[in-house]
Amino acid sequence: MVTTLLVVVVILAIAFDYINGFHDAANSIATVVSTKVLTPFQAVLWAALFNFAAYFYFTDHKVANTVAKTVIENYITLEVILAGLVAAIIWNLLTWWYGIPSSSSHTLIGGFAGAGMTHALLTGASPLDAVNMSYVVKIVSFIVLAPIIGMVISVVITLIIINICRYAKPSTAEKWFKRLQLLSSAALSFFHGGNDAQKVMGIIATALIASKVIPNFEALPTWVPIACYSAISLGTMSGGWKIVKTMGSKITKVTALEGVAAETAGAVTLGITEHFAIPVSTTHTITGSIVGVGLVKSVSAVRWGVTINLIWAWVLTIPVSATLAAIIYAGIYFFK
């Protein structure tokens, strides 16, 4: 049944998707802007185009299904989803304000799980009964694995490119890599859209099921993916310039060759994880890839102080979001 609360939840979910877009725009455009292949305005338009193009390819919605099953259905209510979304939006806006490339994916999952666990606790059940631990362990493990995979792939790609082009004229190679960066940036944006838009689709699906608007995930109406892909694309067009600066220059100085390697590695990593229905952080993935191209030059080429600060933000995202959601849900529960 369609209620006012359901409408509010869906609007907040789409708003979160929009925020996710401008929060994560840096993932797709930071290197292409820092190497001056595109202007910032051109870059966000380019990224937004390929964010939405993913709608036509990712039709099985496997990542969305994984997110929807993070919390056990018996412990999902509209209030739980509302609390999770509000917590995720708060954390996303805070990290955006301070220019910290945190994971929009993990803040959403952390908020959803934290609210669900609090609902279980307040209704006399064990908090752990509310979450599907096999899904949670898989998601949490890729906080570590995604950047490592991205880093390893980017190192391999960079070394291959360097060896292939070792006799090339530097000015000619630079010209070609700037062209290739358009393709690698497009690929990263494409997989970013396919990965991140699906997470909000999963949340909206749980809201529709909890309200008995649809019987199951397979009955998800077409307007949901269209709305989610549109929202993340519009958000990307709005940009996130503080985070662009962090990703594009503060971790390591990136050349056009390295931009191609990092973006390609990020796209490949996202493609692999999406194939296996694992919701991962595009932010973590591309950060690991950028670190990888820096390591090829030397260990000292990576600004480890900045990188360690980013890792702390990654570690804190799920517990902070879960705690915020728990407080918000408790407030709703006791004062409704």
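The values are calculated or read from the model by the stated rules, or taken from the named source; none is laboratory data. Quick caveat: nothing in here was measured; it's all calculated off a predicted structure. We place every Cβ from the backbone using ideal geometry, glycine too, and count neighbours over all the protein chains shown. Accessible surface areas use protein heavy atoms only, side chains included; no ligands, DNA or RNA. Shrake-Rupley method; radii C 1.70, N 1.55, O 1.52, S 1.80 Å.
For the chain, the Kirkwood hydrodynamic radius comes to 19.8 Å, computed from all pairs of different C-alpha atoms. Between Ala125 and Lys36, the contour length at 0.36 nm per residue exceeds the Cα-Cα span by 26.5 nm. Think of the chain as a dipole: +1 on every Lys or Arg Cβ, -1 on every Asp or Glu Cβ, centred on the Cα centre; then among Tyr229, Thr3, Gln42, Gln42 lies furthest on the positive end. Of all the options Thr77, Thr59, Thr285, the one that moves most in a Gaussian network model of the chain with Cα springs shorter than 10 angstrom is Thr59.
Only one residue of Thr31, Ile204, Ala15 has its Cα farthest out toward the positive end of the dipole of the chain, where Lys and Arg carry +1 and Asp and Glu -1 on Cβ, and that residue is Thr31. Think of a 1.4 Å ball rolled over the protein heavy atoms: the stretch 4-335 then has 40 Å² of accessible area per residue. When the helices of the chain are scored as -39500 (n - 2.57) per DSSP H run of n ≥ 4 and the total is divided over every residue, the value at 222 nm lands at -26000 deg cm²/dmol.
Annotation: amide H of Val131 within the under-5 Å range of Ile72, sequence separation 5 or more or interchain, hydrogens built in the peptide plane. Loop-located chymotrypsin sites (Phe, Trp or Tyr not before Pro) in the stretch 1-91 (DSSP state other than H, G, I, E, B) with a sparse environment of at most 16 neighbouring Cβ atoms within 10 Å: Tyr57. How far apart, in nm, are two points set 7 Å out from the Cα along the Cα-to-Cβ line at Asn74 and at Thr172? The answer from the label model is 6.9 nm. 3J(HN,Hα) along the stretch 210-215, derived from phi through the Karplus expression 6.51 cos²θ - 1.76 cosθ + 1.60 where θ = phi - 60°, amounts to 4, 8, 6, 6, 10, x Hz, with x in place of Gly and Pro. Restriction of the chymotrypsin sites (Phe, Trp or Tyr not before Pro) in the stretch 182-227 to DSSP coil positions whose beta-carbon has at most 14 other beta-carbons within 10 angstrom yields no sites.
Shown is the FRET efficiency for Glu218 and Trp312, computed with R0 = 30 Å from the Cβ-Cβ distance and rounded to the nearest 0.05: 0.15.
Surface composition of the stretch 40-141: carbon and sulfur atoms hold 69% of the protein heavy-atom accessible area at a 1.4 Å probe.
Taking 25 °C and 0.890 mPa s as conditions, the stretch 115-182 diffuses translationally at an estimated 151 µm²/s according to Stokes-Einstein applied to its Kirkwood radius (Cα pairs). For the chain, modelled as a GNM whose springs connect Cα atoms under 10 angstrom apart, the maximal fluctuation among Pro215, Pro279, Pro40 occurs at Pro215.
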